[in-house]
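Asker: Structure below; questions to follow.
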Amino acid sequence: MLENNQEFYKICFENSREGIIVIDEFGIILLANKRVEQIFGYKPENLINKSVSILLPKKIKKSHEESINNYHKKPYNREDFDKRDLYGIHKNGHKVEVLIGLNYFNLDGKNYVKAFISDISDYKKKEQVIRSRNFELEKELKIINKELKAKNKQLSDTNKILLKEINFKIEAEEKTNKALKKEIELNKLKTEFITVASHEFRTPLSGILTSVTLIDKHQKNNQIEKIEKHVNQIKTMVNHLNSILHDFLALEQLSNSKITYRYKTFNPAELIHEIIEETKLILKKNQYIKFIKNNSNHEILNDKRIISIIITNLLYNAIKYSLEESLIIISSKIKNNKLIVSIKDNGIGIPKDDQKHIFDRFFRARNAMEIQGTGVGLNIIKGHIDGLGGTISFKSEENIGTEFIFELPHYTIK
Ligand SMILES: Nc1ncnc2c1ncn2[C@@H]1O[C@H](COP(=O)(O)OP(=O)(O)OP(=O)(O)O)[C@@H](O)[C@H]1O
Ligand SMILES: [Mg+2]
């Protein structure tokens, strides 16, 4: 039976890959196998009955004795090799790096410890080589990283510069495009205006020519009254031509955003009175203007000249697009820090289909074609109202009448 064969146990003991030492509770070596000789240089028989401290470095001998005592007081099996860096002392005095596992056992009331010892010097040497290689690699990596970072920075700096240049170019191109567009728009506007204006100029000019011819004729007959009538007609027509030219200037200024609004205090009710007085000259037979001033009879801060242009245009339209014997009601009020003005007539009205284009430049409704006009008045005043931060709206029904209402904010009552 193998289990009773002493030789069998001996072979198992001697042929172990680990060095095996058995010590008693005083740290005295009782058994050591051949592998211990390869690790520490001592023949096993020379270790028997020696203290295990012979294999330990001087500086841990004392603490080792204490730990042996503690270990025997409270023994435990240290199955895993200790992770700590341990080393023993070779017979020649050099250090031997080892891993040690401890087994405790008790026989006949006495405690013993069996130590399994692995020589890991080679492994440690390799580990050291790997570690220093790693260290070198890390160093190299750091240098490469540093270089990469520098290159990255260089690249991102170049990128930034490039991006700036591109943006600059795009911006410059956009500006040129914008200017070009504006130029084209302005040219188109001028051409359109010249077409409309030259058409509009024809009637008053031929009227002026007729009046001048007649004045000449009446002069010979000394008919002063008739001469006066034609002189007035010439004045009206020159005024009309003048207003067309004014429109042209206004259009050009609006298109170039050249207008700067000048705010000063004025009384809106008084201004409307003045405008009504001026327009009386062009009223048709039995046309009346009624003014309801509500609470607008005190000073406000806004651009008087522009507001005058807006109201005059709307009132001229109301007169122009209403028949004789009609009533025009203009009312103004101040509400929530806004000047609100309404101009209402019972004239020809604006056809439903045309209403959406009414503020477009040069647009004229189909029922207004027989009446003089260039179709820029509403477009101009819409530009001004936008510029002053206000709004304009209208209600209209063909052959019933039209009401325009505008609101201008941001004024202060003095
Ligand atoms: N009170 C109104 N009643 C009916 N139609 C109107 C009225 N006001 C404006 N319109 C319509 O709106 C169009 C545009 O008006 P806008 O004042 O811009 O131009 P216009 O009166 O034709 O010419 P002008 O540039 O000389 O004022 C007019 O042609 C007309 O068809
Ligand atoms: Mg008009």
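The values are calculated or read from the model by the stated rules, or taken from the named source; none is laboratory data. No experiment lies behind these values; they were computed from the predicted model shown. So basically every Cβ, Gly included, is an ideal-geometry build from the backbone, and we count neighbours across all protein chains shown.
Asker: Would you say residue 319 is under 30 Å from residue 212 (Cβ atoms) and surrounded by fewer than 17 Cβ atoms within 10 Å (Cβ to Cβ)?
Answerer: Here the answer is no, as residue 319 does not meet what is asked.
Asker: So, of the residues in segment 357-372 that are touching a helix residue (DSSP H, G or I) at 6+ places or on another chain (Cβ under 7 Å) and not aliphatic (A, V, I, L, M), which turns out to be surrounded by the most Cβ atoms within 10 Å (Cβ to Cβ)? Outline the logic, then answer.
Answerer: In the first step, residues of segment 357-372 are kept if they are touching a helix residue (DSSP H, G or I) at 6+ places or on another chain (Cβ under 7 Å); the result is 358-363, 365-366, 371-372.
Subsequent filtering for residues that are not aliphatic (A, V, I, L, M) retains 359-363, 366, 372.
On the way: 359: 16, 360: 14, 361: 21, 362: 16, 363: 15, 366: 9, 372: 12.
Once the filter is applied, the top-ranked residue is 361.
Asker: Moving to a separate point now. Taking the condition over 41 Å from the mean Cα position of the chain (by Cα), of a type in the set (A, V, I, L, M) and either outside the structural domain of residue 397 (by TED's automatic domain parsing) or within 16 Å of ligand 2 (Cβ to nearest atom) (or both), does residue 314 pass? Steps first, answer last, please.
Answerer: Working: over 41 Å from the mean Cα position of the chain (by Cα): yes; of a type in the set (A, V, I, L, M): yes; either outside the structural domain of residue 397 (by TED's automatic domain parsing) or within 16 Å of ligand 2 (Cβ to nearest atom) (or both): yes.
When the stated conditions are applied, residue 314 passes them.
Asker: Residue by residue through segment 312-345, note down the ones that are acidic (Asp, Glu) and more than 8 Å from ligand 1 (Cβ to nearest atom).
Answerer: 324, 325
Asker: Can you find a residue in segment 283-306 that is within 16 Å of ligand 2 (Cβ to nearest atom), assigned to a loop (DSSP other than H, G, I, E, B) and without any contact (Cβ under 8 Å) to a residue 40 or more places away in the chain?
Answerer: yes
Asker: Within segment 318-414, which strands (runs of 3 or more DSSP E) (wholly inside it) include 1 or more residues that are in contact with a Ser or Thr (Cβ under 6 Å, 6 or more places away or on another chain) and more than 16 Å from ligand 2 (Cβ to nearest atom)? Please lay out each step first, then the result.
Answerer: Working: elements: 327-335, 338-345, 391-397, 401-408.
Once the strands (runs of 3 or more DSSP E) in segment 318-414 are filtered for at least 1 residues that are in contact with a Ser or Thr (Cβ under 6 Å, 6 or more places away or on another chain) and more than 16 Å from ligand 2 (Cβ to nearest atom), what remains is 327-335, 338-345, 401-408.
Asker: On to the next question. Taking the condition of being of a type in the set (Asp, Glu) and touching a Lys or Arg at 6+ places or on another chain (Cβ under 8 Å), how many residues in segment 187-229 meet it?
Answerer: Result for segment 187-229: 1.
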